[in-house]
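**Student:** The structure under discussion is supplied below as structure tokens; questions concerning it will follow.
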Amino acid sequence: MTSRRSVYELAGGEETFFALVDRFYQGVESDPLLRPMYPEGDLAEARRKLALFFIQYFGGPTTYSEERGHPRLRMRHLPFPIDKAARDAWMSHMHRALDETPMPDAVRAEMRQYFEHTATFLINQAPPGSLPVRGAS
């Protein structure tokens, strides 16, 4: 019987995910749109949480949930104004991080697809003028 290897294993394990997140945050640290959404000062804890979430999501140890409970992505991101511009900025840094982190191309493609879908799912701000105005005819 053969067992299917997880994306976590195929990507290279914990080391790969922490490297990916470090590269991602190199961009976030100087991004004028995204940086204000993070705590002031050191981003070490934000880096750690994101790496642990990715590790768990892609089939690695469940440390994230053991420490923080269910991920509840929409709830955790609701306090932050995420519009298409913020989503695109986040994806720009993640695309660069994915491109710079050594891993098999098929794994990179699977991760990229997840990030694209999830980043879009987390948009919580409608574009200006896109919502109907009550009483307008």
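The values are calculated or read from the model by the stated rules, or taken from the named source; none is laboratory data. Quick caveat: nothing in here was measured; it's all calculated off a predicted structure. Positions of Cβ are backbone-derived with ideal geometry, glycine not excepted, and every protein chain shown enters the neighbour counts.
**Student:** Among (1) surrounded by fewer than 18 Cβ atoms within 10 Å (Cβ to Cβ); (2) modelled with pLDDT of 95 or more; (3) closer than 20 Å to MET111 by Cα; (4) over 13 Å from the mean Cα position of the chain (by Cα), there is one condition TYR64 misses while meeting the rest; what is its number?
**Tutor:** The one condition TYR64 does not meet is (1).
**Student:** Could you please give the count of residues in the range 46-60 that are without any contact (Cβ under 8 Å) to a residue 40 or more places away in the chain and part of a loop (DSSP other than H, G, I, E, B)?
**Tutor:** 0
**Student:** Which numbered condition in (1) more than 18 Å from ASP99 (Cβ to Cβ); (2) within 14 Å of the chain's Cα centre (by Cα); (3) touching a residue at least 40 places away in the same chain (Cβ under 8 Å) is the only one that GLY27 fails?
**Tutor:** (1)
**Student:** If you go through the range 56-96 one residue at a time, how many are within 17 Å of HIS117 (Cα to Cα) and of a type in the set (Asp, Glu)?
**Tutor:** Number satisfying all stated conditions: 2.
**Student:** Can I ask one more? Looking at the range 61-81, I want the residues that are without any contact (Cβ under 8 Å) to a residue 60 or more places away in the chain and closer than 22 Å to PHE18 by Cβ and have a partner that is in a loop (DSSP other than H, G, I, E, B) and of a type in the set (A, V, I, L, M) with Cβ atoms under 8 Å, at least 6 apart or on another chain. Which pairs are those?
**Tutor:** Hits for this filter: LEU73/LEU122; HIS77/LEU122.
**Student:** Filter the range 19-45 down to residues that are of a type in the set (Asp, Glu) and either part of a helix (DSSP H, G or I) or touching a Leu at 6+ places or on another chain (Cβ under 7 Å) (or both) and give me whichever is nearest to ARG76 (Cα to Cα).
**Tutor:** By that ranking, first place goes to GLU45.
**Student:** Please identify the pairs in which a residue from the range 11-23 that is in contact (Cβ under 8 Å) with a residue 40 or more places away in the chain and more than 12 Å from GLY59 (Cα to Cα) has its Cβ atom under 7 Å from the Cβ atom of a residue that is among the acidic types (Asp, Glu) and part of a helix (DSSP H, G or I), counting only partners at least 6 apart or on another chain.
**Tutor:** Between residues of the range 11-23 that are in contact (Cβ under 8 Å) with a residue 40 or more places away in the chain and more than 12 Å from GLY59 (Cα to Cα) and residues that are among the acidic types (Asp, Glu) and part of a helix (DSSP H, G or I), the close pairs are ARG23/GLU100.
**Student:** Filter the range 39-53 down to the residues that are within 13 Å of the chain's Cα centre (by Cα) and not hydrophobic (A, V, I, L, M, F, W, C) and list them by number.
**Tutor:** Result: ARG47, ARG48, LYS49.
**Student:** Return the residue satisfying two criteria in turn: it lies in the range 4-54 and is closer than 19 Å to HIS93 by Cα and of a type in the set (S, T, N, Q), and of such residues it is surrounded by the most Cβ atoms within 10 Å (Cβ to Cβ).
**Tutor:** The selected residue is THR16.
**Student:** Scan the range 1-18 residue by residue and report those that are over 14 Å from the mean Cα position of the chain (by Cα) and either under 18 Å from ALA51 (Cα atoms) or assigned to a helix (DSSP H, G or I) (or both).
**Tutor:** SER6, VAL7, TYR8, GLU9, LEU10, ALA11, GLY12, GLY13, GLU14, GLU15, THR16
**Student:** Provide a single number: the residues in the range 8-44 that are over 16 Å from PHE80 (Cβ atoms) and out of contact with any helix residue (DSSP H, G or I) (no Cβ under 7 Å at 6 or more places or on another chain).
**Tutor:** Residues meeting the conditions: 11.
**Student:** So, in the range 67-83, of the ones that are more than 14 Å from the chain's Cα centre (by Cα) and more than 19 Å from SER30 (Cα to Cα), which residue ends up surrounded by the most Cβ atoms within 10 Å (Cβ to Cβ)?
**Tutor:** Restricting to residues being more than 14 Å from the chain's Cα centre (by Cα) and more than 19 Å from SER30 (Cα to Cα), the top hit is ARG68.
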